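The values are calculated or read from the model by the stated rules, or taken from the named source; none is laboratory data. Values in this document were obtained by computation on a predicted structure and should not be read as measured data. Cβ placement follows ideal geometry from the backbone for every residue including glycine, while neighbour counts extend to all protein chains displayed.
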Amino acid sequence: MSVLIAIIVFSVLVIIHEFGHFLIAKKNGICVTEFALGMGPKLLHFKKGETTYCLNLVPFGGYCQMLGMDPTMESEDEKDNSRSFQNKSIWARISVVCGGPVFNFLLAFVLALIVIGFVGADVPEVTSVEEGSAASEAGLKKGDLITSYNGTSVSIGREIYLQDYVSPLTKDDVKITVKRDGKKKVLRLRPDEITKYMYGMQYSLSDESITITVAEGSALEAAGIKTGDQVVSINGTEFRNAKEMGEYFEANPLSEESTASFVVKRNKKTITANVTPKEVTYYDLGFSYNLGRKKQNALGALKYSCFEIKYQIKTVFKSLGMLFNGKLTKDDVSGPVGIVDMISDTVNDSKSDGWFFVLMNVLNMTILLSANLGVMNLLPLPALDGGRLAFLLIELILGKPVPKEKEGMVHFVGMVLLMILMVFILFNDIGRLFR
C-alpha cells in the first residue's frame with residue numbers, strides 16, 4: 001500500500017508539472033504531439049486530436065513533447081509550421097518553459113492550504129523563556145511573535161529551526177525582531193555558554209516520527225547512529241512521537257553515567273546501540289518557540305500557505321548550499337527509490353494515529369517534493385527547464401537565438417550527465433536500503 005501511495009504521489013507531481021507545459025503550450029497555439037506519464041516502453045496510449053496520450057512502463061518521470069521543441073530534429077515542414085515551438089514569440093516560449101515549475105509551486109500552495117486549513121500553521125511565537133537566560137535579560141517574553149532571527153526573516157517556526165541548523169549559535173550576539181502588542185521590538189541577545197552531557201542529536205517536537213539529526217563528533221555518531229535514523233526506544237521506553245521523547249529527557253537528565261540502550265530504525269532495519277553521553281559546550285539563548293500547529297481562519301490559511309511555499313523554496317537553496325560546503329553529503333540526497341522509501345516510512349509511522357494523519361503527512365511530503373521539483377527544474381542546468389530558460393534569456397538579451405546546433409549539443413551533454421547522476425543516486429539509494 002505504501003509503495004502504491006508513493007507511486008501516486010510521483011504521478012501527481014509529474015502530471016501537474018507536464019500539464020503546466022501542456023496547458024500554456026496550447027494557450028499559445030503550439031502543437032503538442034505527445035503527453036506521457038512514466039518513461040520507457042508504452043503500456044497504454046490513445047490519440048485525441050493532435051496529441052497522443054501515453055502511460056509508460058517505468059512509473060517515474062514523464063514528458064510533454066511539442067512540435068519543434070528539439071530544433072535539431074525538425075523536418076523542413078516543421079520549421080515552417082506556425083504552430084512550432086520555435087516559431088512562437090520569445091515570451092510565449094519562456095512562458096511554456098516556466099509552466100511546469102510554476103504549476104509545481106501552485107500544487108504545493110493548494111496542498112498547503114488543505115493541510116493548514118485542517119491542522120493549522122507553526123506560528124513563530126515564543127512559548128517559554130528561562131529565568132536568568134540571555135533571552136530573559138534581553139527582555140524577550142512568552143507570546144512574542146518572532147519576525148526576524150539572526151539575520152533571516154521569519155514567518156513560521158521551522159525557519160528558526162532551519163537557521164539554527166545551518167548556522168549554529170556562537171558567542172556572537174543574536175539580533176531578534178519581535179512583534180508585541182502590535183509593535184515591533186528589536187532585541188540583542190548574547191548567547192549563554194553551557195556545558196552539559198549530551199547524546200548529540202536534534203529533532204523536531206512537531207514531528208510524529210522521531211527522525212534525528214546527529215551532530216558531527218557526537219556520542220551518537222561514535223555509537224554508529226546516523227542522521228535520518230528514527231528513534232524507537234531508549235532503555236526500553238518506547239516513544240510514539242517526538243514529544244514523548246522530549247518528556248523522557250526532561251524526566252531523565254543526563255550525566256556521566258547515563259549510558260543508554262538506543263533502538264533506532266534505519267531503512268526498515270532495527271539497530272541497537274549503547275550510547276554514553278559526552279560533555280559538550282554549546283551556546284543557548286534560553287527560550288523555546290512554537291513548532292506545533294495552530295488553527296487558522298481562512299485569511300490566516302492563505303497567508304501561511306504563502307509562507308509555507310517560501311520556506312520550502314528557502315530550504316532547497318539552503319540544502320544546496322550545504323551540499324557545496326560539505327555540511328551535507330551524498331547520503332543526504334535521495335532519488336526516486338529513496339523518496340519512495342521515505343514516503344513508505346511516513347505512511348507506516350502514521351498508521352497508528354489514523355488515516356487522517358497518514359493523509360496529512362503524505363500531503364506534507366508532497367508539498368516538499370513539489371516545491372523541490374519546481375526549484376530544481378528552474379536551475380540553469382542543461383536538459384532541465386532552467387537550462388532552456390537560460391538560452392531563451394540569452395536570446396532575449398542578444399536579440400537573436402544561440403545557434404540551434406550548439407544549444408542542442410549543450411542539452412545533449414547535460415542529459416548524459418544527468419543520466420549518470422541519476423544512476424549514481426539510484427545505486428546510492430539502493431545501497432542505503434541494505435546498510
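Does Val166 satisfy the criteria of being of a type in the set (Val, Ile, Thr) and more than 30 Å from Val347 (Cα to Cα)?
no
If we scan region 118-130, do we find a residue that is of a type in the set (D, E, K, R) and under 30 Å from Lys27 (Cβ atoms)?
Checked region 118-130: no residue is of a type in the set (D, E, K, R) and under 30 Å from Lys27 (Cβ atoms).
Considering only residues that are within 19 Å of Asp122 (Cα to Cα) and among the polar types (S, T, N, Q), which ones fall in region 161-177?
Gln163, Thr177
Residue by residue, here is whether (1) more than 16 Å from Gly374 (Cβ to Cβ); (2) of a type in the set (S, T, N, Q) holds:
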site: Ile15; (1), (2): no, no
site: Ala25; (1), (2): yes, no
site: Ile30; (1), (2): yes, no
site: Thr33; (1), (2): yes, yes
site: Ala36; (1), (2): yes, no
site: Pro41; (1), (2): yes, no
site: Leu44; (1), (2): yes, no
site: Lys48; (1), (2): yes, no
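If we keep just the residues of region 19-59 that are assigned to a strand (DSSP E or B) and basic (Lys, Arg), which is surrounded by the fewest Cβ atoms within 10 Å (Cβ to Cβ)?
Keep residues of region 19-59 that are assigned to a strand (DSSP E or B), which gives 32-48, 51-59.
Then drop every residue that is not basic (Lys, Arg), which leaves 42, 47-48.
On the way: Lys42: 13, Lys47: 11, Lys48: 8.
Among those that are assigned to a strand (DSSP E or B) and basic (Lys, Arg), it is Lys48.
Name the single residue, out of those in region 165-198 being surrounded by fewer than 15 Cβ atoms within 10 Å (Cβ to Cβ) and within 23 Å of Gln230 (Cα to Cα), that is modelled with the lowest pLDDT.
Tyr165
Yes/no per residue for (1) modelled with pLDDT of 95 or more; (2) surrounded by fewer than 15 Cβ atoms within 10 Å (Cβ to Cβ); (3) closer than 30 Å to Arg388 by Cβ:
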{"residue": "Glu76", "(1), (2), (3)": "no, yes, yes"}
{"residue": "Lys88", "(1), (2), (3)": "no, no, yes"}
{"residue": "Cys98", "(1), (2), (3)": "yes, no, yes"}
{"residue": "Phe109", "(1), (2), (3)": "yes, no, yes"}
{"residue": "Ile114", "(1), (2), (3)": "yes, no, no"}
{"residue": "Glu131", "(1), (2), (3)": "no, yes, no"}
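Inside region 157-262, counting only strands (runs of 3 or more DSSP E) that do not spill past its ends, which hold 3 or more residues that are free of Cβ contacts under 8 Å to residues at least 60 places away in the same chain and not polar (S, T, N, Q)?
Counting at least 3 such residues, we get 174-180, 183-189, 230-234.
Of the residues that sit in region 199-219 and are in contact with an Asp or Glu (Cβ under 8 Å, 6 or more places away or on another chain) and closer than 16 Å to Thr281 by Cβ, which one is modelled with the lowest pLDDT?
Ala215
I'm trying to understand the selection: among the residues of region 240-286, which are within 29 Å of the chain's Cα centre (by Cα) and of a type in the set (Lys, Arg)?
Arg240, Lys243, Lys265, Arg266, Lys268, Lys269
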